[in-house]
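Below is one structure; the comments refer to it alone.
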2 protein chains.
Amino acid sequence: MSTAISPLAPKSYPEMPEIEGVAFATAEAGIKYKGRTDVLLAKLAEGTTVAGVFTKSKCSSAPVDWCRDIMSKGTARGLMVNSGNANAFTGKKGKSAVKLSAEIASKALGCAENEVFLASTGVIGEPLQAEKFEGVIAGLAALERPASWQEAAQAIMTTDTYPKVATVTVEFDDQSISLNGIAKGAGMIAPDMATMLSFLFTDAAISADVLQAILSGETDGSFNSITVDSDTSTSDTVLLFATGAAEKRGVAAVTSLEDPRVPVLKAAVGDLMQNLAQQIVRDGEGARKFVEVQVAGADSNASARTIALSIANSPLVKTAVAGEDANWGRVVMAVGKAGEPADRDKLAIWFGDVRVAVDGERDPDYSEAAASAVMQEEDIVIRVDLGLGDGSARVWTCDLTKEYVAINGDYRS
Amino acid sequence: MSTAISPLAPKSYPEMPEIEGVAFATAEAGIKYKGRTDVLLAKLAEGTTVAGVFTKSKCSSAPVDWCRDIMSKGTARGLMVNSGNANAFTGKKGKSAVKLSAEIASKALGCAENEVFLASTGVIGEPLQAEKFEGVIAGLAALERPASWQEAAQAIMTTDTYPKVATVTVEFDDQSISLNGIAKGAGMIAPDMATMLSFLFTDAAISADVLQAILSGETDGSFNSITVDSDTSTSDTVLLFATGAAEKRGVAAVTSLEDPRVPVLKAAVGDLMQNLAQQIVRDGEGARKFVEVQVAGADSNASARTIALSIANSPLVKTAVAGEDANWGRVVMAVGKAGEPADRDKLAIWFGDVRVAVDGERDPDYSEAAASAVMQEEDIVIRVDLGLGDGSARVWTCDLTKEYVAINGDYRS
């Protein structure tokens, strides 16, 4: 397994503000990895509301089922996440492991079992030995050694090469409201979620229904717009927690979608999610290039999105990017295979600012040197204009390298 | 570019019977490759009927457009195929190149332009210099040096590591009828065709409408059931020619789908196409393993097919196969992401004859050693039973290796 940090990793980490009502602790439960933390406990203040989006997989993991079940309550007091084992496709054993995990965490946190959200990431099909949490979680809840946001992000990593954190601050009633987030994910990443976990926290007071509407509304433009390998995990989970602690500071609760602060919150949550989503792509297994695919001039936004994903998921496009090869013919191929309205003779394609194809053929001013120079960049924009309508979409992906194959050809052993 | 022959290549070539009314010649036109043949001319007897299936790409190549246009006539006198340049996304230049190609070939063969079928495979977007055919084709048509079936298959190769030929003989009215075929393709291979060309020939007399029905009916179970990388080419073409020469031997023409010989012919064409399709997968770029994915117990055949393709196209499944890793959790993931009806707790999975998962969890008798032994084989069957209904499907794919990335990261240069 590759251990080097992705060359696309952020060069520095943001200063993460405190979010009142959220405290982390991490530990080594020895689920799979040795010599590193693999379990995260978050203690959440009383009155914390919660919203979630989950994998659309028909084979969702036991913790995903658990979260879906308890989500209707709309409140949360704790979050426990482990890495190393996904507790997916584990049948009755998986349900028991989830029950035991919730029991252990709720006892330690002094709350009800159905106020503890759970997530697991790692190998599919191996029973999770939840009893391993027993010893470590009781100690964690005392928060004698609270963990930083980066440490929290570190504990939930699998093949990630760096922890992913992000923060956004907005102004509300002359007060600052911060939103912090952590995420993990590097492979099995595709729209409709991925082996991707992300947990977002704010101290604003937001009712559960408003919180859910905000989260659901911002998912398509962020986590559902990234793809590393078109594969979708059984375990994808994004949870957004609002502790409400800011109410004490005089920030009134947001309880209706008509509240004028909702658009501000939506934008902030969207920014935070897009930031974390892009960090996941930048840590795509074996990635050496970050690619933004822009599609414009499509019949509709949905059509543009299908075409953008067809380009972003094409192994031939992705290997060409890896080889720094300005092989725009493969972009044509990917547009063609998407099955969406397209007119070959109206198609134009750019790599960066260099137009390589127009009106259904190679650009008359095509310069191999200029196109190749773009491909040597670390961040590459592939832009397609279909010339048909107003539909547009933007998705992010990475290249497909030999390292991806190496990492995934030997993951379990 | 890799030059070693695929380890999955057939160990021997079949004896190809003569098909009366078909003669090949090949030449070096110097389109892209040096020191190898890159153009194939087939001369077809008067009265030859033809049927075809083509890519569903919205950006189909100029030769595909040409073939579609002249197909309505139902007769053919010649076929010219070049490798090295796909003449796709070449705009007006592409149309002119096709016109010039047909002109050159028809002049040489002494037939009408619209009786010459054309196919091109290779790089997309570069104008095809059809004038290069001028000198070589005139000589070819004299058939002074007729080419063998293997030589014909050789001339149309791109990243293929071996020529693909197959033959089937059936009995008709106490006479033998043979069907021979050639094919090319190694990458950009996916259902609904691929950079896949295949040309099939028989000396039976079969009316064009019957021929088309037979060809169309057998495509789904053969060429549309293979995938190397989920990418679909702009140029996919399968043509089936019937010269009718067997009529002279007393084999009456087949002119109706009610003819009792039609099922025999269908089976023979199906066998031939499946054989060639599997040869393409066995020459999948970088392939070291041949994988048959069988899905049973699905809601419908269509649903089974979608699930089978989801497994066969999953980069994570394909890299696990490359790593000889019995990672059945990724098969669960691929079933889950397909979006088709599936019940996690009824799912069973086999690698070869080894059942690895049943009733939604790891098989109680699971043996890593037994599962790993299967993965070390060259040919691997991945079988999934959904336990829901009677729908089933079977598709073929190969593993995803570092060599695939190497071949495709540097194809144009």
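Excluding ligands, DNA and RNA, what is the accessible area buried between chains A and B, summed over both sides, using a 1.4 Å probe, to the nearest 100 Å²?
The summed interface area works out to 5100 Å².
Between A and B, which A residue has the Cβ nearest their rotation axis, distance in Å?
A:402, 2
I'd like to know which of B:51, B:40, B:387 lies farthest towards the positive end of the charge dipole of chain B, counting +1 on Cβ of Lys and Arg and -1 on Cβ of Asp and Glu.
Of the candidates, B:40 comes out farthest on the positive side.
Could you work out the local net charge near residue B:382, counting Lys and Arg as +1, Asp and Glu as -1, over the other residues with Cβ closer than 13 Å to its Cβ?
Residues near residue B:382 contribute -1 overall.
With only alpha-carbon pairs counted, each pair once and no self-pairs, how large is the Kirkwood hydrodynamic radius of the protein assembly as shown in angstroms?
One decimal place: 28.3 Å for the Kirkwood radius.
Express the accessible area of the protein assembly as shown per residue in Å², computed with a 1.4 Å probe while the remaining protein chains stay in the model.
Averaged over the residues of the protein assembly as shown, the accessible area is 34 Å².
Which GluC sites (Glu not before Pro) from region A:137-186 combine a DSSP loop assignment with at most 12 other Cβ atoms within 10 Å?
On the way: sites: A:144, A:151, A:171; in loops: A:144.
Answer by residue number: A:144.
Around residue A:341, what is the net charge, scoring Lys/Arg as +1 and Asp/Glu as -1 over all other residues with Cβ under 9 Å from its Cβ? Show your work: numbers first, answer last.
On the way: positive: B:58; negative: A:299, A:340, A:343.
With Lys, Arg at +1 and Asp, Glu at -1, the neighbours total -2.
Please identify every one of the chymotrypsin sites (Phe, Trp or Tyr not before Pro) in region A:24-74 that sits in a loop by DSSP and has no more than 12 other beta carbons within 10 Å of its own beta carbon.
Of the chymotrypsin sites (Phe, Trp or Tyr not before Pro), not one in the loops of region A:24-74 has a Cβ with at most 12 other Cβ atoms within 10 Å.
Determine the shielding of peptide A:334-342 by partner chains: average, over its residues, the number of Cβ atoms on other chains within 10 angstrom of each Cβ.
Average per residue, whole number: 6.
Compute the Cα gyration tensor for region B:364-413, then decide on rounded, prolate or oblate, letting a ≥ b ≥ c be the square roots of its eigenvalues: rounded whenever a/c is under 1.5, prolate when a/b is larger than b/c in the other cases, and oblate in all that remain. List each step's numbers first, then the result.
Working: a/c = 3.71, a/b = 1.64, b/c = 2.27.
Note, shape of region B:364-413 comes out oblate.
From the backbone phi of region A:309-317, what are the Karplus-calculated ³J(HN,Hα) couplings (6.51 cos²θ - 1.76 cosθ + 1.60, θ = phi - 60°) in whole Hz, Gly and Pro given as x?
6, 4, 5, 5, 9, 5, x, 6, 5
Please compute one quarter of the surface area of the Cα convex hull for region A:36-81 and express it in square nanometres. Each step should come with its number before you reach the end.
Working: hull surface 16.2 nm².
Computing the convex hull of the Cα atoms and averaging its projections yields 4.0 nm².
Taking the Cα centre of chain A as the origin and placing charges on Cβ (Lys, Arg +1; Asp, Glu -1), which of A:85, A:347, A:331 is farthest toward the positive end of the dipole?
In chain A, that residue is A:85.
Between A:227, A:90, A:26, find the one with the highest GNM mean-square fluctuation for chain A; connect C-alpha pairs within less than 10 Å.
Looking only at A:227, A:90, A:26, the largest GNM fluctuation is found for A:90.
Based on the alpha-carbon gyration tensor of region B:50-168 and its eigenvalue square roots a ≥ b ≥ c, which shape applies: rounded if a/c is under 1.5, prolate if not and a/b is larger than b/c, or oblate?
Rounded shape, in that the Cα axes give a/c under 1.5.
Under the Kirkwood approximation applied to all pairs of distinct alpha-carbon atoms, what is the hydrodynamic radius of region B:290-408 in Å?
Numbers: mean 1/r = 0.0713 Å⁻¹.
With all distinct Cα pairs of region B:290-408 included, I get 14.0 Å.
Where does region A:195-333 land on Rg(C-alpha)/(2.2 N^0.38 Å)?
Relative to the rule-of-thumb radius for its length, region A:195-333 sits at 1.28.
Residue separation times 0.36 nm, minus the C-alpha to C-alpha distance between residue B:95 and residue B:369: what's the value? All intermediate terms of the calculation are to be shown ahead of the outcome.
Working: separation 274, 0.36 × 274 = 98.64 nm, distance 5.76 nm.
Full-extension gain reported as 92.9 nm.
Assuming a ≥ b ≥ c are the square roots of the Cα gyration tensor eigenvalues, decide whether region A:303-349 counts as rounded (a/c under 1.5), prolate (otherwise, with a/b larger than b/c) or oblate. Present the calculation step by step, with values, prior to reporting the outcome.
Numbers: a/c = 2.62, a/b = 1.53, b/c = 1.71.
It is oblate, given that a/c is not under 1.5 and a/b is not larger than b/c.
Sort all Cα-Cα distances of chain B into consecutive 10 angstrom bins from zero, then give the percent of pairs in each bin up to the one containing the longest distance.
5, 23, 30, 24, 13, 5, 1, 0
Over region A:10-98, what number does the Rg to Rh ratio reach, with both radii from the alpha-carbon atoms and Rh per Kirkwood?
1.00
The values are calculated or read from the model by the stated rules, or taken from the named source; none is laboratory data. In this text, all values refer to a predicted model and were calculated from it rather than measured experimentally. Cβ sites come from the backbone with ideal geometry, for glycine too, and all protein chains shown count toward neighbours. Just the protein is used for accessible areas: all its heavy atoms, side chains included, with ligands, DNA and RNA removed. Shrake-Rupley method; radii C 1.70, N 1.55, O 1.52, S 1.80 Å.
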